[in-house]
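Remarks on the structure that follows.
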Amino acid sequence: MPRLVHLIRHGQSTFNAIQDVTGKDPMMFDAPLTPLGHEQAAARGKELAGNHYDLVITSPLTRAIQTARGIFGHGKPLVIDPLHREWVNWSCNVGRPATELSRDFPDLDFNHLEGNWWHVDGPVNENGIVCEPHSSLLARVAAFQAMLASHKEKRIAVIGHGDFFSQIVGYGMRNCECIEWARQ
């Protein structure tokens, strides 16, 4: 069987809903899903219900975890991995400490997340957000691809983010879009 990865962008977040209309950063840190985002995840879950995944990996950002839960429920263990977190250039891409995430998702393991697991060093934009250099994003993408290549699992679902995934697939994925990506 070929080794495949399903890259799944998170559902619509509260940040997306506002920013899509205004074009401005609404200053929503680690934005959760909207009701539409939850519906998108549930619909994607129905579409993927016949697939067997050996591994499900999600970003530690709330909207990705909520999307993973909406697709897979509580029956599939989730691996939380900050390597494929979103590129920090907007407020919604600033994460929260593991202790806060543990309160919201008590059944998941966040103990491996170190302090500020999101990007925190560098230039600050007009909204006071510390922006991650593109070179840092590209390094994380390469490290993430190497990490995936090292896994022995045949079918992996990865729930993540548009800017990160665009570096792999070459375009900006829609909310809750799923791309089947063949890996070496």
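All of the numbers you see were taken from the coordinates with simple rules; none came from a lab. Because the structure is a prediction, the values reported are computed rather than measured. Every residue, glycine among them, receives a Cβ derived from its backbone with ideal geometry; neighbour counts consider all protein chains shown.
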Cα convex hull volume per residue for the chain, in Å³, equals 116
Mind pulling the angle between the C-alpha long axis of helix 62-72 and the longest principal axis of the chain? Nearest 10 degrees, somewhere in 0 to 90. 20
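Assign one of three labels to the stretch 90-184, namely rounded, prolate or oblate, based on the Cα gyration tensor with a ≥ b ≥ c the square roots of its eigenvalues; rounded applies when a/c is under 1.5, prolate when it is not and a/b is larger than b/c, and oblate otherwise. Before the final figure, lay out the partial values.
Values: a/c = 1.72, a/b = 1.20, b/c = 1.43.
Oblate shape, in that a/c is at least 1.5 and b/c is the bigger or equal ratio.
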Picking from 182, 14, 84, whose Cα lies most toward the positive end of the charge dipole for the stretch 4-182 (charges on Cβ: Lys, Arg +1; Asp, Glu -1)? 182
At a 10 angstrom cut-off on C-beta neighbours, averaged per residue, how do the peptides 68-79, 85-96 rank from highest to lowest? 85-96, 68-79
Give the Debye-formula value of log10 I(q)/I(0) at each listed q (0.23, 0.25, 0.30 Å⁻¹), with one equal scatterer per alpha carbon of the stretch 27-82, two decimals each. -0.91, -1.04, -1.27
Test of understanding: ordering 61, 148 by Cβ neighbours within 10 Å, fewest first, what list do you get? 148, 61
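Where both partners of a DSSP beta bridge lie in the stretch 4-182, what percent of those bridges are antiparallel, to the nearest 5? Don't skip to the end; give the middle numbers.
Values: 7 of 19 bridges.
For the stretch 4-182, the DSSP antiparallel bridge percentage is about 35.
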Treating only Lys and Arg (+1) and Asp and Glu (-1) as charged, each at its beta carbon, one finds that the chain has a dipole about its Cα centre, in Debye to the nearest 20, of 600
